[in-house]
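**Q** Structure in structure tokens, see below.
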Amino acid sequence: MGAHSVAAEMQKVPGNVIEAIRTDQPIQDARLEAPRRFTTAIVEQRGWASETDVEACLDAGFTNAQILEVIVGVSFKTLSNYTNHIADTPLDKAFAPRAWTPVAERLAG
């Protein structure tokens, strides 16, 4: 998440949007919240998004093609994460200031 946060900052994604994603909180912009919620549903339901999840994205103005892009992104990220976990890939020093710990680990620690 550190590298993604830095990349988002470079693309001028608003800081409150980045922090909402990093802390698993709703994004205040309803249009951006729809794909965040859809992405979360895809991950948590292991690809079994409900019709309601899909409709919420469509109702927010996204297309079926953009919904497919979310699925492709989740697939890519899953493959990358699994590879990095096995390889024990360290976080690049350039991204260290934005290192991230999952919410569950922060609460347990």
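The values are calculated or read from the model by the stated rules, or taken from the named source; none is laboratory data. The shown structure was predicted, so the numbers you read here are calculated from the model rather than taken from an experiment. A quick note on method: Cβ atoms are made from the backbone with ideal geometry, for glycine too, and the neighbour counts reach across all protein chains shown.
**Q** Check Ala56, Ala94, Ala60, Ala87 and return the single one that is of a type in the set (A, V, I, L, M) and modelled with pLDDT under 90.
**A** On inspection, the qualifying residue turns out to be Ala94.
**Q** For the range 1-50, enumerate the residues that are surrounded by fewer than 17 Cβ atoms within 10 Å (Cβ to Cβ), in a loop (DSSP other than H, G, I, E, B) and of a type in the set (Val, Ile, Thr).
**A** Those that are surrounded by fewer than 17 Cβ atoms within 10 Å (Cβ to Cβ), in a loop (DSSP other than H, G, I, E, B) and of a type in the set (Val, Ile, Thr): Val13, Thr23.
**Q** Residues of the range 55-77 being among the β-branched types (Val, Ile, Thr) and farther than 12 Å from Thr39 by Cβ, which ones?
**A** Within the range 55-77, just Thr63 meets the criteria.
**Q** Any chance the range 21-37 includes a residue that's under 16 Å from Ala3 (Cβ atoms) and modelled with pLDDT under 95?
**A** The answer is yes, given that some residue of the range 21-37 is under 16 Å from Ala3 (Cβ atoms) and modelled with pLDDT under 95.
**Q** Is there any pair with a first residue in the range 31-47 that is under 17 Å from Ala20 (Cα atoms) and a second that is among the charged types (D, E, K, R) whose Cβ atoms are under 6 Å apart and which are 6 or more apart or on different chains, and what are they?
**A** If the second residue must be among the charged types (D, E, K, R), the pairs left are Phe38/Asp53; Ala41/Asp53.
**Q** If a residue has to be in contact (Cβ under 8 Å) with a residue 12 or more places away in the chain and under 17 Å from the mean Cα position of the chain (by Cα) to count, how many in the range 57-77 make the cut?
**A** 8
**Q** Taking the range 51-81, which residues are loosely packed, with under 11 Cβ neighbours inside 10 Å and part of a loop (DSSP other than H, G, I, E, B)?
**A** Gly61, Thr63
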